[in-house]
Amino acid sequence: MRPHEQAQPPQDYFRYVNVDAGWVDRRIFWDEAIYERELEAIFARCWQFVAHDSQIPNAGDFVTTYLGEDGVIVSRHTDGKVYVYLNACPHRGNKICFADEGNARRFTCNYHGWAFSTAGELTGLPSEREAYDAGDIDKAAWGPRRARVETYKGMIFATFDPDAPGLEEYLGDYRWYLDAFLDNDEGGIEFLPGTIKSYANANWKFGVENFIGDAYHAWWTHDSGGRAMMGGPFPAYDPKDTYHASVNGHGWEFALEGFGDIAILGSQEVIDYYAALKPKIAARLGELRARLFGSLASAAMFPNMTFLPGIHTFRMWLPRGPRKLELRVWTVVPKNAPQSVKQAINIGCNMTFNPAGTLEMDDGENWEGNTRTNRGWVSRHEKLHYGCGKSRQIEHPELPGIVHEGQFNDANQRLFYQRWADLMNAKSWSDVPQRYAPRYAGRPTR
Ligand code: FES
Ligand SMILES: [Fe+2]
């Protein structure tokens, strides 16, 4: 049975989210039944990031990750293509691969030794002739379920839903923003080796909504961390030329001052590198995106991929139940940068945004608090306020998406939860409303 065939929304999820009034019901961060529906309606349906090309450049290279709670193997086969398939043996269900990453010619299950190619085909069964009679098994039909795989500028995405729109349509005009991060230089980006994993007793959505638009917390939550890193407080918030932009639930909140995030890395060499690169970025992507990249900004692609474009941290929020998340973090660098710049970015990134970083450790405590207070039955039935900046929507001549003015704003969060409720309600992709007419449909954004 295909996951979407079971999709029968038991209720209208807009009873939990009111975008116009600006509130969200706290039960969406706690209830088991809502979480189960998320696994089906969001994680078995949406495109999700699984790896970057630079992490698996050679045949046999693989990583293991998750689409929701479904473990998957992401491997590059001998034909050069990337395949994504369930990390679950079709014989009795054991995990096929226990490693996080590596290089393999095949995967062999621990239990009875069934073997699978790096394209996810069942290729061998121990004692096949002695154990199985003709007609017992059609090996071609019994490989682990494969997901659809598409890439955007080196980023590999997968979905198990055969009816999902293509990746380009799923991203929509968000590609315009992604290009500022992925394609601001001819070499593109690469992921540095090493994955940092951490866990929090928090709902996955709190991590994502923080990155999709919560500039507001930074001045308060990160005050002492910011002082420790920069020798003084964050510069006073100036709403001029700051925005929230949202496309299909994906969001980017940003200033246009050009260097805020890059400066937080604390390396003059990195600042100089980007100062020299900025005119080239402007020639490649236009003046506006050259100012946007590196400014104080954070971004998230629906449902659970986030990054800080100038600080160069990239992270996936993997759900582990309604009250637990697994965070996986990488440093992303410009591929063509000198080694010393890559190293300085890596050090700055890890000093700020890894579990021992000055800024990261502030956040997890808050999100655990947001989640844990819902233990109270009365608290759980209260609403949370998401009304900041409701009247600040604008039409911008250049910025695509649903744009609001002011980086202190709940706009991207509201539109994230609108997309969440749209998907939770939908029986299939054809029921998901179009909330925005793309400017770049069918056209490249660079
Ligand atoms: S469970 Fe994998 S071979 Fe039996
Ligand atoms: Fe934060």
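Of the residues 57, 434, 10, the one whose Cα sits farthest toward the positive end of the charge dipole of the chain, with +1 on the Cβ of Lys and Arg and -1 on the Cβ of Asp and Glu, is 10. Computed from backbone phi, the HN-Hα couplings of the range 289-303 come to 6, 5, 6, 5, 5, x, 5, 4, 7, 8, 8, 8, 9, 5, x Hz, rounded to whole numbers (Karplus: 6.51 cos²θ - 1.76 cosθ + 1.60, θ = phi - 60°; Gly and Pro given as x). Overall form of the range 195-263: oblate. Here a/c, set by the Cα gyration tensor axes a ≥ b ≥ c, is 1.5 or more, and a/b is not larger than b/c. Sites listed here are chymotrypsin sites (Phe, Trp or Tyr not before Pro) in the range 33-132 whose DSSP assignment is loop and whose Cβ has at most 13 other Cβ atoms within 10 Å: 98, 111, 132.
Rounded to the nearest Hz, the phi-derived 3J(HN,Hα) couplings of the range 433-442 under the Karplus curve 6.51 cos²θ - 1.76 cosθ + 1.60 (θ = phi - 60°) are x, 8, 9, 7, 8, x, 7, 10, 3, x, where x marks glycine and proline. Peptides 239-250, 216-227 ranked from most to least packed by the mean count of surrounding Cβ atoms within 10 Å: 239-250, 216-227.
List the pairs from 205/427; 240/278; 153/278; 335/427; 197/427 whose alpha-carbon separation is above 32 Å, in the order I gave them. From the list (205/427; 240/278; 153/278; 335/427; 197/427), the Cα-Cα distance tops 32 Å for 335/427; 197/427.
Enter the per residue convex hull volume of the chain, computed from alpha-carbon coordinates, in Å³ rounded to the nearest integer.
149 Å³
Only loop residues by DSSP count here, and only those with at most 15 other Cβ atoms within 10 Å; note down the trypsin sites (Lys or Arg not before Pro) in the range 1-106 that meet that. List each step's numbers first, then the result.
On the way: sites: 15, 26, 27, 37, 45, 76, 81, 92, 95, 105, 106; in loops: 45, 81, 92, 95, 105.
Qualifying residues, ordered by number: 81, 92, 105.
Leaving out ligands and nucleic acids, note down the accessible area per residue over the range 254-357 with a 1.4 angstrom probe, in whole Å².
On the way: 3080 Å² over 104 residues.
Accessible area per residue: 30 Å².
Remark on the range 48-144: hydrodynamic radius 13.8 angstrom, per the Kirkwood mean of 1/r across alpha carbon pairs.
In this structure the range 144-253 gives 36 Å² per residue of accessible area when probed at 1.4 Å with all protein chains present.
Taking one quarter of the surface of the C-alpha convex hull of the range 277-329 gives a mean projected area of 4.5 nm². Radius of gyration over Kirkwood radius for the range 88-214, both on Cα atoms: the Rg/Rh ratio is 1.07.
Fraction of C-alpha pairs exceeding 17 angstrom in the range 150-219: 66 percent, rounded to a whole number.
So if I take the alpha carbon set of the range 1-117, get Rg, then get Rh from the Kirkwood formula, what is the Rg over Rh ratio? Before the final figure, lay out the partial values.
Details: Rg = 18.3 Å, Rh = 16.7 Å.
Checking Rg against Rh, the ratio lands at 1.09.
3J(HN,Hα) along the range 251-260: x, 9, 10, 6, 9, 10, 7, x, 9, x Hz, from the Karplus curve 6.51 cos²θ - 1.76 cosθ + 1.60 with θ = phi - 60°, whole Hz, x for Gly and Pro. Between the amide H of residue 46 and any residue lying 5 or more places away or on another chain, no distance stays under 5 Å, with hydrogens modeled in the peptide plane.
Divided by 2.2 N^0.38 Å, where N counts the residues, the Cα radius of gyration of the range 350-446 comes to 1.45. Accessible area per residue was computed with a 1.4 Å probe on protein heavy atoms; residue 77 scores about 30 Å².
When the accessible area of the chain is computed with all protein chains present and a 1.4 Å probe, what percentage of it is carbon and sulfur? Each step should come with its number before you reach the end.
Details: 9070 of 18500 Å².
Summing carbon and sulfur atoms, their accessible area is 49 percent of the total for the chain.
Run the Debye formula on the Cα coordinates of the range 138-275, all scatterers equal and no solvent, and tell me log10 I(q)/I(0) at q = 0.10, 0.12, 0.16, 0.21 1/Å. At q = 0.10, 0.12, 0.16, 0.21 Å⁻¹ the computed log10 ratios are -0.52, -0.73, -1.23, -1.61.
Remark on the chain: 46, 97, 349, 388 stand apart, with no other cysteine beta carbon under 4.7 Å.
Distance between the C-alpha centres of the range 192-207 and the range 254-320: 20 Å, rounded to the whole angstrom.
The values are calculated or read from the model by the stated rules, or taken from the named source; none is laboratory data. Computed from a prediction, not measured in an experiment: that's the story for all the values here. FYI the Cβ positions are ideal-geometry reconstructions off the backbone, even for glycines, and counts take in every protein chain you see. Surface areas here come from the heavy atoms of the whole protein model, side chains and all, with no ligands, DNA or RNA. Shrake-Rupley method; radii C 1.70, N 1.55, O 1.52, S 1.80 Å.
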